[in-house]
Amino acid sequence: MSTALANVSWEPCFMEARQDRELEAYARRRMGLPNAAVRYFAAVPWVARTAIDLHVEFGLLVHLDQNTADLVGLIVSQENACRFCFAAVRAVMWFQGMDRERVQHIEQELARHDLPPRVRAAIDYARSQSRTGPSGAHGAWTALRHAGASAAEAREVAFTVATADFANRLHTAAAIPPVPMERVPELLPMRLLRPLIARLVRKHRWRGSAVTPVPLVPDAPYAQLVNAFAGSPIAPALARTMNEMWTSSHLSRRCKLLMFGVISRGLPCEVCEIEVSRALQREGLDGDAASRVLTHLDGPELTPIERLLMPYARETLWYQPAQLQRHTRALREHLSTEQLIEAIGVAALANAVCRMAAVVMAEPA
Amino acid sequence: MAAMLGVAIGVALAVLVTMWLQQRRTSAVLQRQLDAAAEELQRLQQACARLAPAGVVDRLVADGVNELSEMPAQRKVVTALFADLVGYTAMSERLDAAVLARVLNGYFQRMSDAIHEHRGHVSTFLGDGILAYFGALQPNPWQSADAVRAALAMRAAMADYNHELAHEGLPALNVGIGIHRGSGLAGLIGSRERMEYGFVGRTVNLAARVQTLTRTHGVDILVTEAVRSELDGSFELDAMPPEMVKGIAEPVVSYAVRERVAAKIQ
């Protein structure tokens, strides 16, 4: 079916899909359906697992209703022009029993005023966090709270946007082919299996429940953000993702921090930059040097890989899909497959986390 | 009697079915038109994002232009790039109108491409001049370096274009570029009939004045001290003697941009 993003330019995929039975079985157990896209990230387990684990429909939401979360996922993917994720959200809606006309109708409704005020406010906030950045998101957050969302519900909206921001950048930067996903509702086997798949989708979606807060290392970067979700199942999921990202060894911890620093500076997110600056000092890069390399995205202190990836992180802030895909493809000449996947994952996670943190960390819990 | 009733019911049923089919056809046509309009709106929104910040476009789509006129302008730090063709007037008198239009369009296209590639946006074409901003639509702490990189890309694009023009026996074009960074008011500016997302302030005037100094100093790219202080050592600059310019009380210090020496990645 024709989609609103059908005209978005998309480069041919340049990543190699790697079969990993264990990972694919994990995705199937968790999501109820095979997820072929994780094969492209299988070489770096934390990236592939994050693409599976940070789906909000699998036990991460306690306060936000799933329908609003679906709409938020749809609108963020539309704003970020991620053809793959947009088609995936549409396909899930279609599997759940919405006909194609109804899905298109929902897309049209997203631009209208006849949605309930709280849903409308959630969508406006989603647009602001993902597209306008912190400058507009603070106002949209206040509007969301005034529309009746509790602080916990508003934080879940912010997290839902962040997961979509992550998935969008991950699949866009790697140029994962969107056409098979876009064609799902047109394929005869899919149409025949639709009731069965719908049952599988419904069976594997579950609401989360409050959990015991997980104690975190207080000086871990973004611990304050994780703590803002204390008591929610989001906290351990986010903590695990962040921890696995920092400890993965394909790129140095300093390189990852610098990529987070670029995103923080570019948005701008002041609380994030303070967080990154402290962590960089622990890595031996003092405040002046860190500030200088973030100002110029270059410097004699940087390793060749850092000099490549700081401008790359910057490219992921406000991007056009094809341009970002060409830049990512050009990195292949300088990085191993594992380094490239980790770089894509770090940039995607940095965008998700810093955009959310700019608002959530600035708010009292 | 019964036969007549049967015929009447049959006719009534046929009419109802025909009406129902027509209704379905009309609904399908309307749905297609609605879908096409929604797609068009999406495309329009994406296109508008190149002309104004995302927040402004969202308000434009949601509230319409009239409500937008109420939107307050924001004070922002922006880098303005002003480019102008050198010797355009003389050339315009020598060339046929159609050829001149083609040459100018080729020039505008190449310069705009270089600006977009470095995250700038062309605000307006003023005769043969181009006014572009960096950091006006989205936050961009690296805006000054982007503007200077764009100017260097414009220089390179101009050299390529002059090769093409020479093959056709046409005169070479030369461009002068002035760049300044400073604060000003950004927002929707204009009348009820015609509005545009613009930037107002001394920054734009100074960029234009610095551009005129390229002729005085015999160089093609000049930046002000405000821009120079934002650049790292990879840009090779030559300090020019301070010059008075129209509308500015103090002599203006400017720097000619020679080139950018980027160390190679090992």
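Looking at A:Cys272, A:Met31, A:Ala357, which one has the Cα that reaches farthest to the positive end of the dipole of chain A (charges on Cβ: Lys, Arg +1; Asp, Glu -1)?
The Cα lying farthest towards the positive end belongs to A:Met31.
Taking every Cα atom in the range B:71-183, find the radius of gyration and the maximum pairwise distance Dmax, and write them in Å.
Rg and Dmax of the range B:71-183, Cα atoms, are 15.2, 51 Å.
How long are the semi-axes of the equivalent ellipsoid of the protein assembly as shown, defined as square roots of 5 times the Cα gyration tensor eigenvalues? Whole Å, largest first.
Equivalent-ellipsoid dimensions as semi-axes: 45, 35, 23 Å.
Check B:Ser123: other-chain or 5+ apart residues with amide H under 5 Å from its amide H, H built from backbone geometry?
Here B:Leu131, B:Ala132, B:Tyr133 satisfy the definition.
How large is the translational diffusion coefficient of the range B:197-266 in µm² per second when you combine the Kirkwood radius over alpha carbon pairs with Stokes-Einstein at 20 °C and 1.002 mPa s?
In µm²/s, the coefficient rounds to 162.
Please say if the range A:264-365 is rounded, prolate or oblate, where rounded means a/c under 1.5 for a ≥ b ≥ c the square roots of the C-alpha gyration tensor eigenvalues, and otherwise the choice is prolate for a/b larger than b/c and oblate otherwise?
Oblate, since a/c reaches 1.5 and b/c is not below a/b.
Starting from 0.36 nm per residue, how many nanometres of slack lie between B:Glu117 and B:Ala101 once their C-alpha separation is accounted for?
So the extension gain works out to 3.4 nm.
Of A:Tyr319, A:Leu294, A:Pro221, which is farthest towards the positive pole of the range A:220-327's charge dipole, taken about the Cα centre with +1 and -1 on the beta-carbons of Lys, Arg and Asp, Glu respectively?
A:Tyr319
Quick check for me: using +1 on Lys/Arg Cβ and -1 on Asp/Glu Cβ, what's the dipole size of the protein assembly as shown about its Cα centre, in debye to the nearest 20?
Result for the protein assembly as shown is approximately 1660 debye, rounded to the nearest 20.
How big is the gap, in Å, between the Cα center of the range B:194-251 and the Cα center of the range A:247-312?
That distance is 31 Å.
Need the full-extension length gain, A:Arg292 to A:Val179, defined as separation in residues times 0.36 nm minus the C-alpha distance. One decimal, nm.
36.4 nm
Let me check I have the definition right: for the range A:195-293, take the eigenvalues of the Cα gyration tensor, multiply each by 5, take square roots. What are those semi-axes in whole Å, largest first?
33, 16, 13
Which longest uninterrupted range of chain A lacks any GluC sites (Glu not before Pro) assigned by DSSP to a loop state (not H, G, I, E or B) and surrounded by at most 16 other Cβ atoms within 10 Å?
That would be A:17-282.
Among A:Thr142, A:Phe159, A:Leu331, whose Cα lies farthest out toward the positive end of the dipole of chain A, if unit charges sit on the beta carbon of Lys, Arg (+1) and Asp, Glu (-1)?
Most positive-ward Cα: A:Phe159.
In peptide A:317-325, what is the residue-averaged number of other protein chain Cβ atoms found within 10 Å of each Cβ?
2
With +1 on each Lys and Arg Cβ and -1 on each Asp and Glu Cβ, how big is the dipole of the range B:72-147 about its Cα centre, in debye rounded to the nearest 20?
The dipole magnitude comes to about 260 debye.
Return B:His180, A:His146 ranked ascending by Cβ neighbour count within 10 Å, so the fewest neighbours appear first.
Result, fewest neighbours first: A:His146, B:His180.
Please give the contour-minus-distance gain from B:His163 to B:Ala14: 0.36 nm per residue of separation, less the Cα-Cα distance, rounded to one decimal in nm.
Difference between extended and current length: 46.3 nm.
Order these by the 10 Å Cβ neighbour count, fewest first: B:Ser123, A:Ser209.
Ordered by Cβ neighbours within 10 Å, fewest first: A:Ser209, B:Ser123.
Determine the shape class of the range B:115-261: with a ≥ b ≥ c the square roots of the Cα gyration tensor eigenvalues, call it rounded for a/c under 1.5, and otherwise prolate if a/b is greater than b/c, oblate otherwise.
It comes out rounded by the Cα gyration axes.
Excluding the sites themselves, what is the longest stretch of chain A that contains no trypsin sites (Lys or Arg not before Pro) in a DSSP loop with at most 16 other C-beta atoms within 10 Å?
That gives A:208-331 as the longest site-free run.
Just to check, using Stokes-Einstein with a Kirkwood Rh over alpha carbon pairs, what's the diffusion coefficient of chain A at 10 °C and 1.306 mPa s in µm²/s?
The diffusion coefficient I find is 77 µm²/s.
Give me, ordered by chain and number, the residues 5 or more places off A:Thr316 or on other chains with an amide H under 5 Å from its own placed amide H.
So A:Thr316 has HN proximity to no qualifying residue.
For the range B:167-266, which trypsin sites (Lys or Arg not before Pro) pass both filters: DSSP loop (anything but H, G, I, E, B) and at most 11 other C-beta atoms within 10 Å?
B:Arg192, B:Arg194, B:Lys246, B:Lys264
Once phi is turned into ³J(HN,Hα) by the Karplus curve 6.51 cos²θ - 1.76 cosθ + 1.60 with θ = phi - 60°, what whole-Hz value does each residue of the range A:94-101 show in order, with x for glycine and proline?
Result, ordered by residue: 5, 4, 6, x, 7, 6, 4, 5 Hz.
With runs of 4+ DSSP H residues as the only contributors, calculate the mean residue ellipticity of chain A at 222 nm using -39,500 (n - 2.57) per run, divided by the residue total and rounded to the nearest 500.
It comes out at -20000 deg cm²/dmol, rounded to the nearest 500.
Per residue of B:136-143, count partner chain C-beta atoms within 10 Å of its C-beta, then hand back the mean as an integer.
5
Where a number appears in this text, it was derived from the coordinates with a stated rule and is not lab data. Bear in mind that the values here come from a model prediction, so they are computed numbers and not experimental data. Cβ: placed from backbone, ideal geometry, glycine included. Neighbour counts: every protein chain shown.
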